[in-house]
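In what follows, a structure is listed as structure tokens, so that the remarks can point back to it.
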Amino acid sequence: MTFYFTGIRSFPKLWKSNSYLGLSSSHSYLSLFLKDCYGIRNQEKCFSVKTMSAQNTKAMNLLIAKARCVRKLDESSNKQVSADSSHMFAAGAAKKRSQMNPSSKDPVLPPVENIIQLPTKPLNSEEWDKLKEEFKEKANFENWIILQMVKCHSSLDVAKSVLAWVAAKNSGIVGYDLLVKYLYLCVFHKQTSEIIDVYEIMKARYKRLESGAYTLLMRGLIYTDRWREALLLLEDLKKVMIPSKKNYDDCIQGALFHQDVNVAWNLYQELLSHDIVPMLETLKAFFDFGKDMKDDQYSNKLHNILLYLRNNQLYPGESFAHSIKTWFESIPGEQWKGQFTTIQQSGQCLGCGKTVESIHLSSEEYEFLKEKIMRDVIDGGDQYKKTTPQELKRFQNFVKYHPPFDVVIDGLNVAKMFPKARESQVLYRLICFCGG
């Protein structure tokens, strides 16, 4: 098996000494390619490129979808990785853990948790005071109890009695955190009047909210007569950050619910302009709205959504598939008939007999991507930005005279994943892991 490393700026220096990673002279050279792009497919590569000609659409769409997938995997792995790198690789994992976590003679007992049964009915101030006295960390009781109610989706009446108790002790003031947690319960139970009351309180008291409160308020307002205020909240959120796909989904669903199609499509285009992959529920809502509608412009936009799914390798679930089928069959004046079918291993559809499009790149598509990435990304028009002419020439010769690679590894990112671990050891263990 041949490995491909990416992200090492000066790979000749890194691999000149085999002892650096404990490799013998019989091992193949490991090398640099392109940061953030890697694959685990035989003789197939992934790249990130710019615009392309029509004949290479499939290759480019495959590339973009894979690059986005890689970015998501990188982001999720960065959140989950701990300082101990040994859990990722089998070689020496137990020994490493024993060194970093020496056993203690004294057993460590788990912390004693506060065990208080949540009330099932509203309590008065005296009852809340008594319950607080039973709580070990009295200073955090209010936040703790409302958080437990959020987790258990307690009734609003009980949660409201907490807020009334807190307000009575603090001259009518309820803190921001308590309001947000109460707002969550209001949204969960779809209590429109309570959502609007909390919204008015927060609007009067705070000039800016954090993203979680914006999200809850948008979700709570979209099905009310004041749904357009959710759009204003979205605009406020855009001043400090790019809204999430769920924020856009809430506002699009609200616009469609209130029959404002233009607002919904504008928000959808705005979402795509941020390179955000929409939720499948968002796309499904457009198909559900278009049922029995005879509108060529709307139909064209739905066809574009289908192309978006295809180009980005997004696969609708059963419910979404039913919506697509129902929409086609409901178009006035057309005689569409859909059916669910099975695709054979060969890619042939048992319903219509056609063969689904292959995700594998042809030799021509691969060569196109290879040239494109070399010219537009690695060279980029200014060789001194990312490399030097001499280093680029060495790299081009390396790629030219070496065989295709089975595994492509972003070496620099892998080496830097675990700050407390020795970088060479992290890479070495990954090589051992991939090589079996």
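Only one of the numbered conditions (1) over 30 Å from Asn311 (Cα atoms); (2) of a type in the set (D, E, K, R); (3) in contact (Cβ under 8 Å) with a residue 12 or more places away in the chain is violated by Lys393, and that is (3).
Evaluate segment 269-292: report whether one residue or more is buried (at least 18 other Cβ atoms within 10 Å of the Cβ), assigned to a helix (DSSP H, G or I) and in the same structural domain as Leu221 (by TED's automatic domain parsing). Scanning segment 269-292 turns up at least one residue that is buried (at least 18 other Cβ atoms within 10 Å of the Cβ), assigned to a helix (DSSP H, G or I) and in the same structural domain as Leu221 (by TED's automatic domain parsing).
Considering each residue of segment 194-202 in turn, at least one proves to be part of a helix (DSSP H, G or I) and more than 17 Å from Leu233 (Cα to Cα).
Considering only residues that are among the hydrophobic types (A, V, I, L, M, F, W, C) and farther than 23 Å from Ala321 by Cβ, look in segment 248-260 and name the one that is surrounded by the fewest Cβ atoms within 10 Å (Cβ to Cβ). Checked segment 248-260; the qualifying residue surrounded by the fewest Cβ atoms within 10 Å (Cβ to Cβ) is Ala255. If we keep just the residues of segment 333-375 that are acidic (Asp, Glu) and within 23 Å of Asn311 (Cβ to Cβ), which is surrounded by the most Cβ atoms within 10 Å (Cβ to Cβ)? Restricting to residues being acidic (Asp, Glu) and within 23 Å of Asn311 (Cβ to Cβ), the top hit is Glu365. Gly212: surrounded by fewer than 13 Cβ atoms within 10 Å (Cβ to Cβ) and closer than 20 Å to Ser161 by Cβ, yes or no? Spelling it out, it is not the case that Gly212 is surrounded by fewer than 13 Cβ atoms within 10 Å (Cβ to Cβ) and closer than 20 Å to Ser161 by Cβ. When Lys207 is tested against (1) outside any helix (DSSP H, G or I); (2) within 20 Å of Val277 (Cα to Cα); (3) without any contact (Cβ under 8 Å) to a residue 12 or more places away in the chain, just one condition goes unmet, and that condition is (2). Counting the residues of segment 293-340 that are basic (Lys, Arg), under 23 Å from Asn266 (Cα atoms) and assigned to a helix (DSSP H, G or I) gives 2. Among the residues of segment 375-386, at least one is outside the structural domain of Ala285 (by TED's automatic domain parsing) and among the hydrophobic types (A, V, I, L, M, F, W, C).
The values are calculated or read from the model by the stated rules, or taken from the named source; none is laboratory data. All values reported here derive from a predicted model rather than from experimental measurement. A quick note on method: Cβ atoms are made from the backbone with ideal geometry, for glycine too, and the neighbour counts reach across all protein chains shown.
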